[in-house]
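The values are calculated or read from the model by the stated rules, or taken from the named source; none is laboratory data. These numbers come from a predicted model, not from an experiment. Cβ placement follows ideal geometry from the backbone for every residue including glycine, while neighbour counts extend to all protein chains displayed. Remember, those area values only see protein heavy atoms, side chains included, never the ligands or the DNA or RNA. Shrake-Rupley method; radii C 1.70, N 1.55, O 1.52, S 1.80 Å.
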Amino acid sequence: MPISPVRHTAALPLEEAELDRYRDLQQLAYRCLRLAAGRLRAGMTERQAADLLRLTFASAGVHDFAHRPQVRIGPARRSALLPGAGPRLRAGVVVLLRCTPRLGRYAAPAVLTRPFGPSPEAERLHAELPSYRDLLLDEVRGGASPDRLRAVTAAFAARRGHVLAAPVLPSPVAPARPVPPPAADVPVPPGLWALTLRLTAGSAQAAFTELLAVTSHSACWLDDDLPHAGPSDH
């Protein structure tokens, strides 16, 4: 079901014009991620792919980042790699692209995962993302705390044979109005938050980061026109 954009919300410390700026920047971020993903070539290193992503943003007029463009090929790693080392793009591997572009005082984080070439396992996992997105929204609207978000999402993933690669934690998004992270055991308070979901299933992975506006009585994703948003069976 489409989610209505935020309009005349109560107790949200942002004006509609500011929300529009965040929404537009989030759209720009995902558009650049998708363009860069489509330009990746076999044999590229993570550094070469990140350079391509940075150039894609530059061509869109973005030169400043709260978090610089990064590309990860294959599963997450705990240790850093030496320059020139690490995996290269090959058919079937999943690529994760992420960054937080900044325009003026506005910044919008974005994460995109794509299989490089055919990968039925990865495509099935990506098809599950809308269901998780709906679950997260329902929980926040119902007054869920960060602790409950983590527990409910982990249980939902387990029932589907997936694993959370990282806990789901709301991060404040309001550079002009510093907001502390929400307490773990109280409902997510009014404000603009970024929610990141990262899943694994077998050798596949899927992820997204999206902006969520929370008011004193409800919550809404800022935009439904994003790569990971679509029909779900939740």
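The modelled label-to-label distance for the pair E15/A165, using points 7 Å beyond Cα in the direction of Cβ, is 3.9 nm. Projecting label points 7 angstrom from Cα along Cα→Cβ for E123 and A183 puts them 4.8 nm apart. Would you calculate the separation in nanometres between label points at A60 and D138, each defined as 7 Å from the Cα along the Cα-to-beta-carbon direction? Distance between label points: 3.1 nm.
Once the Cα atoms are used to define both axes, helix 46-59 deviates from the longest principal axis of the chain by about 60 degrees. Proximity of backbone amide H atoms, modeled 1.01 Å from N, is registered between F65 and R102 at under 5 Å, excluding neighbours fewer than 5 places apart on the same chain.
Order D185, D138 by their accessible area, 1.4 angstrom probe, all chains in place, largest first.
Listed by decreasing accessible area, they come as D185, D138.
Each distinct pair of alpha carbons in the chain adds a 1/r term; the inverse of their mean, the Kirkwood radius, is 18.3 Å.
The H on the amide N of V111, modeled in the peptide plane, is under 5 Å from the matching H of T209, each at least 5 residues off or on a different chain.
The mean sequence distance of close C-alpha pairs (under 8 Å, at least 6 residues apart), as a share of the length of the chain, puts its relative contact order at 23 percent. Given +1 at the Cβ of Lys and Arg, -1 at the Cβ of Asp and Glu and no other charges, the dipole of the chain around its Cα centre is 1020 debye to the nearest 20.
Going by average Cβ neighbours within 10 Å, how do the peptides 110-116, 148-154 rank, with the highest at the top?
Result, highest mean first: 110-116, 148-154.
Round to a whole number: what % of the accessible area of the chain belongs to carbon and sulfur, probe 1.4 Å? So the carbon and sulfur contribution to the accessible surface is 54 percent.
Under a 5 Å amide H cut-off, with hydrogens placed 1.01 Å from N, L169 pairs with T196 among residues at least 5 apart or on other chains.
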